[in-house]
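Read-outs throughout are calculated quantities, based only on the coordinates presented, and are distinct from any laboratory measurement. Given the structure is predicted, the values throughout are model-derived calculations rather than measurements. All Cβ positions, glycine included, derive from the backbone under ideal geometry; neighbour counts span all protein chains shown.
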Amino acid sequence: MPKLRWVAIVCTCFLFLAIMATSYYHEFLKISRFSSKLDSQMSRLVLLSRTMQEYQEKIDYYSTPEGVARLAREEFNFAYPDEKIYKIVLVSSDHLSENNQ
């Protein structure tokens, strides 16, 4: 029959091992959570940096005279003095809208 002192030592060792295993498991879970959060934040950062790069390219383009001219033509319908502007009106042969009235 084992002495009580040896039983106490073995139980203390098992308790210590159980506590250490539990703490390592919780730390492992924390690390995996942080790494997944870091990955998602990195992907968000890459997306934002790509968007910022696109905006910077647009700023660089619209800072040039060609960019300003294109912006004026597209957004404000400006034209050069010697240009003719044609307005195209589509006439539909669809009579469904007339039948519904």
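Give the separation of the Cα centroids, region 23-46 to region 1-18, in Å. Measuring centre to centre over Cα atoms gives 37 Å. Residue by residue, region 19-34 carries 3J(HN,Hα) couplings of 5, 5, 4, 5, 5, 5, 5, 5, 5, 4, 5, 4, 5, 5, 5, 5 Hz when phi is fed to the Karplus relation 6.51 cos²θ - 1.76 cosθ + 1.60 (θ = phi - 60°); x denotes Gly or Pro. Projecting the Cα positions of PHE16, MET52, MET42 onto the charge dipole of region 1-63 (unit charges on Cβ atoms of Lys, Arg, Asp and Glu, taken about the Cα centre) puts PHE16 furthest along the positive direction.
Once you sort the root eigenvalues of the Cα gyration tensor of region 4-99 as a ≥ b ≥ c, which label holds: rounded (a/c under 1.5), prolate (a/b larger than b/c) or oblate (the other case)?
It is oblate, given that a/c is not under 1.5 and a/b is not larger than b/c.
Only lysines eight or more places from LYS87 in sequence, or on another chain, were considered; those with a Cα closer than 30 Å are LYS58.
In the chain, helical runs assigned H by DSSP with n ≥ 4 each contribute -39500 (n - 2.57); averaged across all residues and rounded to the nearest 500, the mean residue ellipticity at 222 nm is -26500 deg cm²/dmol. Sequentially through region 78-86, phi angles give Karplus couplings (6.51, -1.76, 1.60; θ = phi - 60°) of 7, 9, 6, x, 9, 8, 9, 10, 10 Hz, Gly and Pro residues having no value and appearing as x. Dipole magnitude for region 4-99: about 940 debye, using +1 per Lys or Arg Cβ and -1 per Asp or Glu Cβ, origin at the Cα centre. Taking Cα atoms, how many degrees apart are the long axis of helix 65-76 and the longest axis of the chain, rounded to 10 and kept between 0 and 90? Helix 65-76 sits roughly 80 degrees off the main axis of the chain.
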